[in-house]
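The values are calculated or read from the model by the stated rules, or taken from the named source; none is laboratory data. Given the structure is predicted, the values throughout are model-derived calculations rather than measurements. All Cβ positions, glycine included, derive from the backbone under ideal geometry; neighbour counts span all protein chains shown. Ligands, DNA and RNA are excluded from the accessible area calculation, which covers all protein heavy atoms including side chains. Shrake-Rupley method; radii C 1.70, N 1.55, O 1.52, S 1.80 Å.
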Amino acid sequence: MLFRILKNSFLKRPRSIFLVFLSITMGAAVATSFLGIAGEISHKMSLELRSYGANILLEPSAVEGGGFLREVDLPKIKTVFWKYNITGFTPYLFGLVDLTAGTKHERAVITGSWFYKQLLVEGEEPSFQGIQVIAPWWELQGGMPQDADEAVVGASLARRLGVVLGSRVVALARGATKPFRVVGIVTTGGYEEEQFFAPLVTVQSLLGKMGKLSRVLVSAVTVPMDAFGKKDPAAMSKEEYEKWYCTAYVTSVAKNVEEVMAGSRAKPIWQIASAEGALLTKLNSVVLLLTLLALGASAIAVSTSLMASMAERSPEIALMKAIGADRLQISAIFLGETLIISLAGGIVGYLLGDQLAALISQSVFNSAIKSPLWLLPTAMVSAFAVALAGSAAPLRRAFLIEPVKVLKG
Amino acid sequence: MASMIIETAGLTKSYGEIRALKPLDLTVPEGEWLSVMGHSGSGKSTLLNLVGGLDRPTAGMLKVGGEDLLGRDEDGLARFRREFVGIIFQQHHLIPYLNALENVMLAQYFHSVPDEAEARSALERVGLGHRLKNRPGELSGGEQQRVCIARAIINSPRLLLGDEPTGNLDHGSTTMVLELLRELRVEERFTIIMVTHNQEVAAWGDRTIYLDDGVLVREEKKLVEG
Ligand SMILES: Nc1ncnc2c1ncn2[C@@H]1O[C@H](COP(=O)(O)OP(=O)(O)OP(=O)(O)O)[C@@H](O)[C@H]1O
Ligand SMILES: [Mg+2]
């Protein structure tokens, strides 16, 4: 019987049914596309954010002097559990040298590093690692060193030494000298401007520290820290620890890298990690808020068109009440109607939203996304929620209809 | 003596300043056909609505079938209406998008479960066996009113209320409807309370009460024949 009532009432008022359907579909479509690209946005944004600096610092764990990391361990970084989240890393070896350029002398920090080095690891895709990858913001006049005797000089050090591109600088350490050709001058606004950068191997041999590293900077895509991520892993139960380890918190990725670098201690660089986290969290809340607003708007639209049809249907409702329909039975008829519409609206909304998400992703991030399956239930739930929320006021109105007043005369 | 299906004492209904029903004492024995007359605005519909659980009194006692209706909440009154009362309006008030059969089944649906065979036989009973699938718009006034009667009796009510059920009908259809009600009353043994402006229609009842400005001013009992 309910089915007959619904069927006939559908056929009777296709226009108002269509309006409700449209509102619900819109809501579900917007929810689907927003939530669909939300994950994508977070991912893309955190990738972009990676260019603002490394977020994990690896240092020798030995507290007092002399500790070094081993260069041979570096390729292992590409094999860890979170390897796909690690967008780049760079090893550093620091030392003090006396630099001579023409008639000028300066004592300065020499930094041995990778600039743009191809890394081949068995079983993994070849990748490029080095300063160019994890510090792309470097303002470099000239280029990066290609050969063992090429160097980049920090801008302020270069001024004091009076060197320009192509100048020769001789470095003296432990009684040995090594000539370099300046191929780049770097401006960063930071300590790099005081340093002298040369290829890692060259600096290792100059300082007599073959295969040794002072630190490694790692750049990883991570998820924002939440309450759980901030818990102390040492105090976690086995299940908790597993969950923590399998979530890409900056701390768990750091732990991951630390495990493969012998004698290392990994520390998140909190300024970067937390700024990123805050940004991503904000971004997610904005998307969530927009989604809720869109759903709210379509619930209001549903409510408005149901209200209008409720006014038109009040004699019918009054009659049903007069012959004994109670509130539950009245609700069943009207909610049944909107829920059926929302079923259709949810499915169509999902399909539309999916397309919309692909379109947005294509135009904003220039990449195709494959929307996850959970979006279908999400779209359905949004459609139902919109339908229910939109039905509340009309239903209240239906409850308030007094048969004696409507049926009079 | 038959038991009283309706008992009121000091029954009052006011709409703000307007007192539609002054304190009214009325008893109706089970199985009676009671006609209610009075000029327009005298409170006839008001009385019928109170007795049918469609409206609540402002004051007074109202017992239907031995139960105090004042104790029921809104859904309780809805239950009372579907289990106890059949209503026939002057404007038949059928659902326009449902056919005759479905309109009758709707009352079954709210009462318990729709039973198509039973609904069909009720419509046959009122002489509409051939118009089951027609919508109200495709039926004459008299036919529509007979659908209403079928809907009103489908759940075997103890109380059948009619608010000028023949008000819109011509003489022929009026007689047909009244005869139908008389036959049905014999079979179903319900009590009828019928509001009418027509002396002739009122005369079909066992008793007629006259309301004037919310007050019961006079009653006439038909002499039992034979
Ligand atoms: N909902 C209402 N609000 C205010 N006053 C009302 C309401 N319903 C009825 N009345 C008033 O109550 C009085 C009795 O009305 P009622 O409908 O019972 O009269 P009636 O005898 O059925 O008249 P008629 O023969 O015209 O149908 C009238 O004065 C009417 O104006
Ligand atoms: Mg009236």
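Pairs exceeding a 21 Å alpha-carbon distance, out of A:408/B:63; A:12/A:405; A:78/A:267; A:238/A:282; A:405/B:44; A:209/A:255: A:408/B:63; A:12/A:405; A:238/A:282; A:209/A:255. Residue B:183 sits with roughly 90 Å² accessible to a 1.4 Å probe, with DNA, RNA and ligands left out of the calculation.
Here, P(r) means the percent of Cα pairs in each 5 Å bin from 0 to the largest distance; for the stretch B:141-226 it is 3, 12, 24, 25, 19, 12, 6, 0.
Computed with every protein chain present, the accessible area of residue B:131 is close to 60 Å² [probe 1.4 Å]. Close amide H contacts of residue A:115 (hydrogens built in the peptide plane, cut-off under 5 Å, sequence separation of 5 or more or a different chain): A:131. A dipole drawn for chain B from +1 and -1 charges on Cβ atoms has a positive end, and of B:93, B:145, B:23 the residue lying farthest that way is B:93. For the stretch A:55-268, the Kirkwood radius over C-alpha pairs fed into Stokes-Einstein at 37 °C and 0.692 mPa s yields D = 179 µm² per second.
By the helix-only formula, in which each DSSP H run with n ≥ 4 contributes -39500 (n - 2.57) and the sum is divided by residues, chain A has a 222 nm mean residue ellipticity of -17000 deg cm²/dmol.
May I ask what percent, to the nearest 5, of DSSP beta bridges between residues of the protein assembly as shown are antiparallel? In the protein assembly as shown, approximately 70 percent of DSSP beta bridges are antiparallel ones. Take the Cβ atoms of residue B:168 and residue A:351, set R0 to 60 Å, and the FRET efficiency comes out at 0.70.
Within 10 Å of the Cβ of each residue in B:69-82, the mean number of Cβ atoms contributed by other protein chains is 3. Relative contact order, whole percent, for chain B stands at 28, derived from Cα pairs under 8 Å and 6 or more residues apart.
Ligands, DNA and RNA aside, residue A:202 has an accessible area near 10 Å² when probed at 1.4 Å.
Charging the Cβ of each Asp and Glu at -1 and of each Lys and Arg at +1, and nothing else, the dipole of the stretch B:4-221 about its Cα centre rounds to 140 debye. The Rg/Rh ratio for the stretch A:292-409, using Cα coordinates for both the radius of gyration and the Kirkwood hydrodynamic radius, is 1.16. Close amide H pairs (under 5 Å, H built 1.01 Å from N) link residue A:56 with A:218, A:220, A:269, residues at least 5 positions away or on another chain.
Here the Karplus relation 6.51 cos²θ - 1.76 cosθ + 1.60, evaluated at θ = phi - 60°, turns the backbone of the stretch B:142-152 into coupling constants of x, 5, 4, 5, 6, 4, 4, 5, 4, 5, 5 Hz, with x for every Gly and Pro. Principal-axis analysis of the Cα atoms of chain B puts helix B:171-188 at an angle of about 80° to the longest axis.
Helix A:270-312 and the long axis of chain A differ in direction by around 10°, with both axes built from C-alpha atoms. Taking every alpha-carbon pair under 8 Å whose residues sit at least 6 apart, the stretch B:1-112 reaches a relative contact order of 25 percent. Pick from B:127, B:162, B:71 the residue whose mean-square fluctuation is largest in a GNM of chain B, springs joining Cα atoms under 10 Å. Among B:127, B:162, B:71, the largest mean-square fluctuation in the Gaussian network model of chain B belongs to B:71. Using a Gaussian network model of chain A in which every pair of alpha carbons under 10 angstrom is joined by a spring, one finds that among A:211, A:190, A:39 the greatest mean-square fluctuation is at A:190.
Accessible surface ranking for B:33, A:138, 1.4 angstrom probe, highest first: A:138, B:33.
Result for chain A in a Gaussian network model with C-alpha springs under 10 Å: among A:98, A:232, A:149, the largest mean-square fluctuation is at A:232. Shape annotation for the protein assembly as shown: C-alpha extents along the principal axes are 146, 44, 43 Å, from largest to smallest. Against the main long axis of the alpha-carbon atoms of chain A, helix A:2-12 sits at an angle near 90°. The value of relative contact order for chain A, using C-alpha pairs under 8 Å at least six residues apart, is 28 percent. Bridges between two residues of chain B, per DSSP, are antiparallel at a rate of about 55%.
Pairs from the list A:44/A:83; A:44/A:117; A:76/A:212 with a Cα-Cα gap above 20 Å: A:44/A:117.
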